[in-house]
Amino acid sequence: MIEVNNLGKSFGELTVFSDINLHIDSGEILVLVGPSGSGKSTLLRCLNGLEVPDAGSIRIGDASWDASMSEAAKKAAVRRVRTLTGMVFQSFNLFPHMTVLENVTMAPMMVKNMNKAEAVEIGESLLTKVGLLNKKDEYPSRLSGGQQQRVAIARALAMQPQIMLFDEPTSALDPELTGEVLAVMKKLAREGMTMIIVTHEMKFAREVANRVIFMSEGKIQEESSPERFFDQPQTERARKFLRQLA
Ligand code: ADP
Ligand code: MG
């Protein structure tokens, strides 16, 4: 489903990461962990075209991006990649002047030219899935953070992506609201959605991950099963990281 080869990204003098290689199968759930500043967000942003890598290649489904392509070919690849990936951010980023349902139906109508009736039908079924159909006519400011994040998940799903990318989806939430968001993510996992999740929720990670990747200092330092990563981390860096979370 996803193949990343020798990916590199710098901002000016700062090399965020280099030589990142990843392979994710359909239905797999990859949890990406690592200290703050290790490049997790930048990697996710490269995967959905929000940042442009300097080196390497990315294949997602039938879309391929390669640093050596022409600018026109890269643009076309990024457009395709965007429609295949759904992204959920730490800050929910809902459109404040639109109702919950409008937030969910806008992109399918604008980007996919879906007619309103169909977009509403899909939107309402997704709001049902995240438990918020009763809030469809509310504005985001009237919702709790957990509810806003569930709407953001429904909005990303409305584009019918083949893979969902989550960047610390519960980090901005009060502790009592993280559970409802994690529950929605677990439901997606059970339904077979392919996901890459950046999170500090280690109990959740252990439960849902098929694989854990530990990033530090611009490299993938460990890649293993959740059991092995949490019980027997192989590197001192990972041990230190896990001690600091405990
Ligand atoms: P993480 O998500 O693991 O905390 P990030 O990917 O956000 O890490 O950041 C990795 C590094 O790249 C940090 O040093 C950060 O300051 C830097 N960085 C991220 N985005 C930009 C940007 N747009 N311009 C310059 N530096 C950036
Ligand atoms: Mg980040």
Between helix 145-157 and the chain: long-axis angle, C-alpha atoms, 0 to 90°, nearest 10: 90
Sequence-distant lysines (8 or more away, or on other chains) whose Cα lies within less than 22 Å of LYS240: LYS40, LYS203, LYS219
Whole-number percent relative contact order across the chain, with pairs defined as alpha carbons under 8 Å at least 6 apart: 25
Additional length obtainable on full extension of the chain from ASN6 to GLU138, 0.36 nm per residue less Cα span: 43.0 nm
Using a Förster distance of 45 Å, the FRET efficiency for SER70-LYS187 (Cβ separation, nearest 0.05): 0.65
Calculated from backbone phi, Karplus (6.51, -1.76, 1.60) coupling profile of the stretch 228-234 in Hz, x at Gly/Pro: 5, 4, 7, 8, 9, x, 8
Derived scalar couplings ³J(HN,Hα) [the stretch 98-109; Karplus, 6.51 cos²θ - 1.76 cosθ + 1.60; whole Hz; x for Gly, Pro]: 10, 5, 4, 5, 5, 4, 7, 8, 4, 5, x, 6
In sequence order, calculated HN-Hα J values of the stretch 18-26 (Karplus, 6.51, -1.76, 1.60; Hz; x Gly/Pro): 8, 6, 8, 10, 9, 9, 10, 8, 4
Under-5 Å amide H pairs with SER216, H placed in peptide plane, nonlocal only: GLN221
Under 5 Å, built H, 5+ apart or other chain: amide partners of ALA55: GLY8
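FYI, it's all coordinate maths here, none of it is from the lab. In this text, all values refer to a predicted model and were calculated from it rather than measured experimentally. Neighbour counts run over all protein chains shown; Cβ positions are idealised from the backbone, glycine included.
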